[in-house]
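Heads up, the thing below is written out as structure tokens.
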Amino acid sequence: MTEKVISKACIYGAGAIGGWIGAGLAGAGCRLSVVARGATLQALQQHGLRVQRGDAVTATPVQASSDPFDLGVQDLVVIAVKAPALLDVARQIGPLIGRDTIVLTAMNGVPWWFLQGFGGAYAGTRLQAVDATGEIAQAIPASHVVGCVVHASCSLNAPGFVNHRFGNTLIVGEPSGAVTARVQQLAALLQRAGIDTVIAEQIQKDTWYKLWGNMTVNPISLLTGATTDLIMGDELVRNFISSVMLEAREIGARIGVPIAERPEDRHAVTMKLGAFKTSMLQDVEAGRAVELDALVTVVRELGQITGVATPYTDALLGLARLRARGLGLY
Ligand SMILES: NC(=O)C1=CN([C@@H]2O[C@H](COP(=O)(O)OP(=O)(O)OC[C@H]3O[C@@H](n4cnc5c(N)ncnc54)[C@H](OP(=O)(O)O)[C@@H]3O)[C@@H](O)[C@H]2O)C=CC1
Ligand SMILES: CC(C)(CO)C(=O)C(=O)O
């Protein structure tokens, strides 16, 4: 296994997570480039990619462009945009992808490739909620994808200036679950980048488990403006969350991502966050489109595909999308 296999890396979406991963990759010796636009592009060209960890700030010079043609074929492309931006990315990403390019999807929610080569009887099913026309799957074939679950909390001090707050783990894995040479090389690279990296036994399981925790609190925070402590602290809301989670747990069991825990076990993890503003609440406050389809609409769709009734999920989705539409964020 040679290290130079992954030497040219590009971040598509140099926000909080993309910036954090990108700075690590540059530190590990990758030739780093970034597709960015507007204020982020300007900041990257002027100051490099800046990352704050505690009191320490690093600045990494990067090649940044709004046009992927300027950057050319990459060994690794990390997609770290919010889900509603993915279709635009798919339409632009072509010049970065060559025959052997790995595409790492560092995003929350159910990805478009979730059932590609996985899911038993449902394997290969396209999920309309996250790839309505199939354009994303066509532009980024599943054969290039290595999936990823992010366990870290990062925010932006300013465009191109990341604040890495806590958590330092990426779970990565081939959609097929195979431990290939490329996923081992990628994990080794990320480890050298200073990120605790775990190769998943089946990345869809980790994706579903994370979703199980955030598909409820995120839209409820959108509806109520409440932080996680208040959401989990209200017994009636907590019971409602448990009902949604039981639906999702049943769907998971049918597609091959079973969860052994009870909702109460997962609540205990969320409650440890304290008075935390979910990412969706942060998006609302910043006026950014919300990741409702990748977190909730897709669960309703998976319920329909697998024959699981989802009345609680539907109620949550209906209310949340009404609110998000009213705000112009969906
Ligand atoms: N932040 C966190 O702690 C965590 C985030 N996640 C997930 O990671 C993913 C990324 O989140 P996060 O980093 O917080 O998001 P950010 O909003 O901080 O970053 C997204 C970046 O993508 C850029 N972008 C969007 N569309 C394009 C485009 N067409 N061309 C170029 N750049 C584009 C945005 O630029 P612009 O500003 O110009 O729109 C922005 O810089 C999400 O799925 C999120 O849920 C998961 C765990 C933790
Ligand atoms: C709420 C939290 C931290 C975990 O459930 C989350 O995943 C999010 O903010 O998107």
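The values are calculated or read from the model by the stated rules, or taken from the named source; none is laboratory data. Since the structure is predicted, the reported quantities are computational estimates derived from the model, not experimental observations. Neighbour counts are summed over all protein chains in view; Cβ atoms, including those assigned to glycine, are modelled from backbone coordinates with ideal geometry. These area figures cover heavy atoms from the full protein model, side chains too; ligands, DNA and RNA do not enter into them. Shrake-Rupley method; radii C 1.70, N 1.55, O 1.52, S 1.80 Å.
Some observations on this one:
- Average accessible area per residue (Å²) across region 58-140 - probe 1.4 Å, nucleic acids and ligands excluded: 42
- Label-to-label distance, Ala132 versus Glu235, with points set 7 angstrom from Cα along the beta-carbon direction: 4.3 nm.
- 0 to 90° range, to nearest 10: angle between helix 181-192 axis and the chain longest Cα axis: 80
- Where labels lie 7 Å past Cα in the beta-carbon direction, separation of Ser155 and Ala260 in nm: 3.6
- Nearest-0.05 FRET efficiency for Thr169 and Thr125, computed from C-beta distance (R0 35 Å): 0.75
- Element breakdown for region 3-201 at a 1.4 angstrom probe: carbon and sulfur atoms account for 51% of the accessible area.
- Accessible area per residue for region 145-227 is 33 Å², calculated with a 1.4 Å probe on protein heavy atoms, without ligands, DNA or RNA.
- In this simple spin-label approximation, Leu327 and Gln63 carry label points 7 Å from Cα along the Cα→Cβ vector, and these lie 3.9 nm apart.
- Centroid-to-centroid separation of region 96-166 and region 298-313 [C-alpha atoms, Å]: 21
- Whether region 85-214 is rounded, prolate or oblate, judged on the alpha carbon gyration tensor where a/c under 1.5 counts as rounded: rounded
- Quotient of C-alpha Rg and 2.2 N^0.38 Å, computed over region 206-326: 0.99
- Scattering curve values for the chain, log₁₀ I(q)/I(0), Debye with Cα scatterers, q = 0.08, 0.12, 0.13 Å⁻¹: -0.35, -0.82, -0.97
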